[in-house]
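Novice: Before we start, here is the structure in question, set down as structure tokens.
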Amino acid sequence: MKAMNERLKNDFYIRDITIVAEQLLGKIIVRKYETGIEKRFRITEIEMYVGEEDLACHAAKGRTKRTEVMYSKGGSVYIYLIYGVYWLLNIVTGKKDDPQAILIRSLDGIEGPGKVGKKLRLDKSFYGEDLGSSTRLWIEDEGQLYNYTAHPRINIEYSGEIWRNKLYRYKIEKALF
């Protein structure tokens with residue numbers, strides 16, 4: 001059994017994205033700020049982007065400078081800027097050269113991926129950060145499992161009806177124990 005608040009090791013992320021997504025819900029993101037203060041936030045909502053075949057995934061256009069980190073092994077941070085304002089946090093999952101990532105949409109009390117990035121004070125320097133060894137951003141397991149509901153992803157109208165309607169967004173409902 002895992003110790004309470006144990007940092008997730010990279011082997012947690014180097015698995016199929018659906019397994020990682022289900023188990024990532026309820027985990028604790030830890031952000032150590034430049035001041036030395038550590039803050040913890042529970043992950044309450046995620047979205048999966050499952051690779052080059054997923055027309056909503058950035059990797060659908062192939063390997064680019066922007067998506068290169070998605071082709072690394074799980075446990076890396078894929079971060080990108082939207083609207084010229086918000087840095088969005090994605091966790092790379094799976095094996096090397098299998099581009100898939102999980103967008104962190106919401107944390108306890110923080111709704112929306114742009115607000116998540118702002119609260120965590122993310123910037124382009126987090127691109128490629130290794131969650132297993134980072135001293136400023138990591139994810140912990142406190143041993144709690146959660147029920148969740150599955151929903152279509154948000155703001156991906158460009159991806160077509162099939163990909164738009166996949167139930168790849170998960171939201172916490174309640175703790176299992």
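Novice: For residue 61, list the aspartates and glutamates whose Cα falls under 15 Å from its own Cα; do not include residues on the same chain fewer than 8 positions away.
Specialist: Once the sequence-local aspartates and glutamates are set aside, what remains near residue 61 is 52, 53, 97, 98.
Novice: Additional query: Given a 1.4 Å probe and every protein chain left where it sits, what share in percent of the accessible area of the chain is carbon and sulfur?
Specialist: 53 percent
Novice: So what J values fall out for region 82-99 if you push phi through Karplus, 6.51 cos²θ - 1.76 cosθ + 1.60 with θ = phi - 60°, rounded to Hz, Gly and Pro as x?
Specialist: 10, 6, x, 10, 9, 8, 9, 9, 10, 10, 6, 10, x, 8, 3, 6, 10, x
Novice: Please find the FRET efficiency linking residue 81 to residue 161, where r is the Cβ-Cβ separation and R0 is fixed at 25 Å, and quote it to the nearest 0.05.
Specialist: Once rounded, the FRET efficiency stands at 0.35.
Novice: Residue 118 to residue 23: FRET efficiency via 1/(1 + (r/R0)^6), r the Cβ-Cβ distance, R0 35 Å, to the nearest 0.05?
Specialist: Taking R0 as 35 Å, the efficiency between residue 118 and residue 23 is 0.85.
Novice: Measuring with a 1.4 Å probe in the full set of protein chains, what accessible area per residue, in whole Å², belongs to the chain?
Specialist: In whole numbers, the chain has 51 Å² accessible per residue.
Novice: Net charge within 15 Å of residue 167 by Cβ-Cβ distance, Lys/Arg positive one each and Asp/Glu negative one each, not counting residue 167 itself?
Specialist: Charge balance near residue 167 sits at 0.
Novice: By the scheme Lys and Arg +1, Asp and Glu -1, what is the net charge of all other residues having a beta-carbon under 10 Å from that of residue 67?
Specialist: Neighbourhood net charge equals +2.
Novice: Bin width 10 Å, alpha-carbon pairs only: give the P(r) of region 133-177 as whole percents, running from 0 to the bin holding the largest distance.
Specialist: 23, 29, 29, 19, 0
Novice: Next up: At 0.36 nm per residue, minus the direct Cα-Cα distance, what do residue 140 and residue 127 gain on full extension? Give it in nm, one decimal, please.
Specialist: Using 0.36 nm per residue and subtracting the Cα-Cα distance, I get 2.7 nm.
The values are calculated or read from the model by the stated rules, or taken from the named source; none is laboratory data. Note that the structure is a prediction, hence the values are computed from the model and not measured. Note that each Cβ is placed from the backbone with ideal geometry, even for glycine, and that neighbours are counted across all protein chains shown. These accessible areas exclude ligands, DNA and RNA; they are computed on the full protein's heavy atoms, side chains included. Shrake-Rupley method; radii C 1.70, N 1.55, O 1.52, S 1.80 Å.
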